[in-house]
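Report on the following structure.
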Amino acid sequence: MKLKLLAAALLALPMLAVAQDAKDAPKPAAKPAAKAPAKPGSKEPVATVNGVAVPQSRMEFMMEQQRGRGSPDNQQTRSMMREELINREVVTQEAQKSGLAKSAEVQAQMDIARQEILVGAYLRDWVKKHPVSDTEIQQEYERARAQTGDKEYRARHILVDNEDQAKALIADLNKGAKFDDLAKKNSKDAGSKERGGDLDWNVPTAFDKQFSDAMVKLDKGKYTAAPVQTRFGFHVIQLDDVRPVKFPGMEEVKPRIAQQIQQHKVDELVRGLRAKAKVE
């Protein structure tokens with residue numbers, strides 16, 4: 001059970017018990033008001049549970065998570081988080097008493113959780129110290145723009161296993177057969193066959209080089225006179241249309257490019273660390 005659900009269950013049980021007995025039981029003496037949460041930055045514990053202090057740092061971490069989810073940082077939210085932290089401490093102490101902390105399975109889970117936290121903290125710190133520059137983003141934008149080209153193509157194809165099958169299909173087309181009918185009956189590309197082999201609009205780099213090289217040489221409405229082989233099999237390709245490509249503006253894609261560059265840098269970092277490590 002997730003801790004949040006467990007905490008909700010723990011908080012709900014006393015309320016249910018009071019509701020069930022409210023009709024018959026006399027009203028209990030008023031309890032002192034609950035202790036208000038310590039102010040942000042305070043060194044005072046959030047609470048003390050069976051003599052164990054719940055540190056304020058846990059509260060600040062929980063509040064950071066809540067702010068990230070859009071919750072306000074106010075007295076009400078902090079009171080809720082205080083109750084959550086107390087419930088967690090109560091259950092944690094019981095788990096310790098039961099001996100679960102010594103369980104091999106629990107220890108393995110705790111080791112993995114600790115590792116994930118350390119890895120995340122290290123990578124966040126590294127990323128903060130190695131930000132992506134505007135120059136890097138501009139260079140990647142220009143590279144992608146050049147690679148994309150200035151035209152996009154709408155093509156359809158029929159994919160088969162061998163060259164003889166592809167040649168037979170070309171012969172059928174030469175006799176007047178409809179391309180989309182042949183694609184629906186013969187293509188092994190499940191993603192396009194029901195659309196008559198239609199691949200929608202794409203830039204040439206979206207396809208294998210052999211495919212795109214043959215496609216861009218076609219006139220609109222024409223199909224390849226010979227089968228085109230790629231790693232997927234043999235293709236018969238027809239070009240339906242060509243239009244100028246609409247490449248997005250720099251500001252539109254800047255956040256995505258920055259994220260891609262950052263991920264690439266992190267991948268390189270991990271590969272470098274792995275290369276220096278002694279792995280047996």
**Fill in**
In segment 190-203, anything surrounded by fewer than 19 Cβ atoms within 10 Å (Cβ to Cβ), not small (Gly, Ala, Ser) and not in a strand (DSSP E or B) is listed as Glu194, Arg195, Val203
**Message:** Looking at segment 234-275 only, could you name the residues that are among the β-branched types (Val, Ile, Thr) and touching a Phe, Trp or Tyr at 6+ places or on another chain (Cβ under 8 Å)?
**Reply:** Val236, Ile237, Val242, Val253, Ile257, Val266
**Prompt:** So which of Val236, Val253 ends up being assigned to a helix (DSSP H, G or I) and either of a type in the set (Ser, Thr, Tyr) or in contact (Cβ under 8 Å) with a residue 60 or more places away in the chain (or both)?
**Reply:** Val253
**Message:** For segment 217-229, check the following and say yes or no: at least one residue is on the phi < 0 side of the Ramachandran plot, part of a helix (DSSP H, G or I) and open to solvent by 50 Å² or more (accessible area, probe 1.4 Å).
**Reply:** no
**Fill in**
The residue that is nearest to the chain's Cα centre (by Cα), considering only those in segment 256-278 that are within 16 Å of Arg145 (Cα to Cα) and either open to solvent by less than 90 Å² (accessible area, probe 1.4 Å) or in contact (Cβ under 8 Å) with a residue 40 or more places away in the chain (or both), is Gln260
**Message:** What's the number of the only condition in (1) touching a strand residue (DSSP E or B) at 6+ places or on another chain (Cβ under 7 Å); (2) open to solvent by less than 30 Å² (accessible area, probe 1.4 Å); (3) not charged (D, E, K, R) that Phe232 fails to meet?
**Reply:** (2)
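The values are calculated or read from the model by the stated rules, or taken from the named source; none is laboratory data. The structure displayed is predicted, hence computed values, not measured ones. Every residue, glycine as well, gets a Cβ built from its backbone with ideal geometry; the counts of neighbours run over all protein chains shown. For accessibility, only protein heavy atoms count, side chains too; no ligands or nucleic acids. Shrake-Rupley method; radii C 1.70, N 1.55, O 1.52, S 1.80 Å.
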